[in-house]
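Have a look at the structure below, then the notes.
FYI, it's all coordinate maths here, none of it is from the lab. None of the values given here were measured: they were computed from a predicted structure. As a convention, Cβ positions derive from the backbone with ideal geometry for all residues, glycine included, and neighbour counts pool all protein chains shown.
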Amino acid sequence: MLELFAAAAGHGVEEHAEATAFGVSWLTPGAFVALAMLFVFAIALWKGVPGLIAGILDSRIAGIRTQLDEAKALRDEAEKLRDSYAKKTAEAEKDIAVLRAGAEKQAEEIVEKAKADATALIERHKALAEEKIASAERSAVEELRAKVAAAAAEAARDLIAARHGEAEDRTLADEIIANI
């Protein structure tokens with residue numbers, strides 16, 4: 001690949017000798033990195049790092065399981081609450097229906113009572129009006145009788161005065177006194 005870059009740039013590629021340690025050809029920088037990694041892994045195994053990592057992972061797994069159990073318990077509780085509220089809602093709807101029916105019945109009774117009261121009131125006013133009319137008729141008849149009696153008395157007086165004189169009155173008065 002370096003040859004491609006060199007050809008594209010028009011320059012010749014120079015080769016460098018790779019560094020080695022202690023004159024050994026296999027001790028290159030990459031080999032040192034590999035040896036260092038093996039040394040680190042060996043120390044990690046010797047100190048029990050995989051067990052420590054496994055312990056940490058196990059504790060996290062236990063924590064996650066605990067959280068999952070808590071979540072499951074919360075979910076169960078939420079479902080119970082939901083069911084409870086659904087039951088309460090159904091009961092409330094039944095209560096509302098009963099209250100509505102009672103209110104409608106009560107309203108019908110009030111309307112019927114109001115109609116009956118209105119009819120009774122109309123009958124009372126009608127009877128009162130008829131009584132007032134009858135009273136007015138009696139009063140008018142009595143007034144008319146009084147006027148007729150007064151007119152008859154006046155007419156009788158005039159008639160008696162026209163037909164009887166003073167002498168006849170004396171004779172009549174004497175007869176009445178004698179009869180007493």
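Numerical summary
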read-out	value
Two-site FRET efficiency, residue 53 against residue 26, from Cβ-Cβ distance with R₀ of 25 Å, rounded to 0.05	0.20
Derived scalar couplings ³J(HN,Hα) [the range 121-137; Karplus, 6.51 cos²θ - 1.76 cosθ + 1.60; whole Hz; x for Gly, Pro]	5, 5, 5, 5, 5, 5, 5, 4, 5, 5, 5, 4, 5, 4, 5, 5, 5
Projected label distance in nm at residue 133 and residue 35, using a 7 Å step from Cα toward the beta-carbon	13.9
Extreme residue, positive dipole direction of the chain, given options 73, 30, 121 (C-beta unit charges)	30
Structure-based [θ]222 nm, the chain - -39500 (n - 2.57) summed over DSSP H runs of at least 4, per residue, nearest 500	-32000 deg cm²/dmol
Whole-number D in µm² s⁻¹ for the chain, Kirkwood Cα-pair radius fed into Stokes-Einstein, 10 °C, 1.306 mPa s	48
FRET efficiency estimate (nearest 0.05) - Cβ-Cβ, residue 66 to residue 97, R0 45 angstrom	0.45
